[in-house]
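What follows is one structure encoded as structure tokens, with my remarks underneath.
The values are calculated or read from the model by the stated rules, or taken from the named source; none is laboratory data. The structure presented is a predicted model; accordingly, all values stated were derived computationally and were not measured. All Cβ positions, even for glycine, are placed from backbone atoms using ideal geometry, and neighbour counts span all protein chains on display.
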């Protein structure tokens, strides 16, 4: 049993919760962070006071791990090796997008926080700047997806999960987007995946 600690309105928690379903892993999720606060037991295992964190009961003596992308790689290595490319070069080419997505997240954060959590309008200068930066990043992603159907390669895989979470926010926030046909096709396929629909496509809060 995998225990996922974290509230589902966290982008980083969504990654892990979605991945657990894609990997068909027995798991439970316990709300933590944000309005739920942190227990002393959680902080003893994760002094960063950030989510997500997992515990893997299959490891003798117990095992706790934080950092969302590290968690994704661990779950694949330990429980779902089909999500990892067999050779190092292919794995690196795909999974660079797992780390690239943090730049997209940084670009989008002011638009997300402003429009969703701080009551700002589309006319706010910070929101405008954030949207412009995000669209620049989205054009890079669209160009990559013109070369292959998934960030992981020819099939859905680990590299699609982090960016997929932020793509939901990108396509849900109420601003005008340019035509991004390759990103749009990729995203449309993600919305058909049950784990994405249940864990990621929830109201933005």
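Could you list, ordered by first residue, the pairs with Cβ atoms under 6 Å in which the first is in the stretch 43-67 and under 15 Å from residue 31 (Cβ atoms) and the second is at pLDDT 95 or above and in a loop (DSSP other than H, G, I, E, B), at least 6 apart or interchain?
Pairs found: 49/38; 51/6; 51/10; 51/32; 51/33; 52/6; 53/46.
Those residues that are out of contact with any strand residue (DSSP E or B) (no Cβ under 7 Å at 6 or more places or on another chain) and not in a helix (DSSP H, G or I), I need them from the stretch 138-169; list them, please. Walk me through it before giving the result.
Pass one, the stretch 138-169, residues out of contact with any strand residue (DSSP E or B) (no Cβ under 7 Å at 6 or more places or on another chain): 138-155, 158-159, 161-169.
Passing the criteria: 146, 147, 148, 149, 150, 151, 152, 153, 154, 155, 158, 159.
Does the stretch 59-68 contain any residue that is out of contact with any strand residue (DSSP E or B) (no Cβ under 8 Å at 6 or more places or on another chain) and either assigned by TED's automatic domain parsing to the domain that holds residue 102 or in a helix (DSSP H, G or I) (or both)? Spell out how you get there, then give the answer.
To start, the set of residues in the stretch 59-68 that are out of contact with any strand residue (DSSP E or B) (no Cβ under 8 Å at 6 or more places or on another chain) comprises 59-61, 67-68.
Still in the list and also either assigned by TED's automatic domain parsing to the domain that holds residue 102 or in a helix (DSSP H, G or I) (or both): 68.
Yes: the stretch 59-68 contains one or more residues that are out of contact with any strand residue (DSSP E or B) (no Cβ under 8 Å at 6 or more places or on another chain) and either assigned by TED's automatic domain parsing to the domain that holds residue 102 or in a helix (DSSP H, G or I) (or both).
Which of the residues that make up the stretch 107-137 are without any contact (Cβ under 8 Å) to a residue 40 or more places away in the chain and not in a helix (DSSP H, G or I)?
118, 119, 120, 121, 123, 124
Looking at (1) assigned to a helix (DSSP H, G or I); (2) crowded, with 20+ Cβ neighbours inside 10 Å; (3) not assigned by TED's automatic domain parsing to the domain that holds residue 175, which is the one condition that is false for residue 41?
Tallying (1) assigned to a helix (DSSP H, G or I); (2) crowded, with 20+ Cβ neighbours inside 10 Å; (3) not assigned by TED's automatic domain parsing to the domain that holds residue 175, residue 41 fails exactly one: (2).
Does any residue of the stretch 88-98 turn out to be closer than 23 Å to residue 199 by Cα, surrounded by fewer than 18 Cβ atoms within 10 Å (Cβ to Cβ), in contact (Cβ under 8 Å) with a residue 60 or more places away in the chain and over 18 Å from the mean Cα position of the chain (by Cα)?
No: zero hits.
Only one of these is within 20 Å of the chain's Cα centre (by Cα), surrounded by 15 or more Cβ atoms within 10 Å (Cβ to Cβ) and not assigned by TED's automatic domain parsing to the domain that holds residue 165: 75, 115. Name it. Give the derivation first.
Numbers: 115 fails: not assigned by TED's automatic domain parsing to the domain that holds residue 165.
Just a single option satisfies the conditions, and that option is 75.
Is it the case that residue 46 is surrounded by 15 or more Cβ atoms within 10 Å (Cβ to Cβ) and either within 22 Å of residue 168 (Cα to Cα) or touching a helix residue (DSSP H, G or I) at 6+ places or on another chain (Cβ under 7 Å) (or both)?
Numbers: surrounded by 15 or more Cβ atoms within 10 Å (Cβ to Cβ): yes; either within 22 Å of residue 168 (Cα to Cα) or touching a helix residue (DSSP H, G or I) at 6+ places or on another chain (Cβ under 7 Å) (or both): no.
Taking the combined requirement at face value, the residue does not satisfy it.
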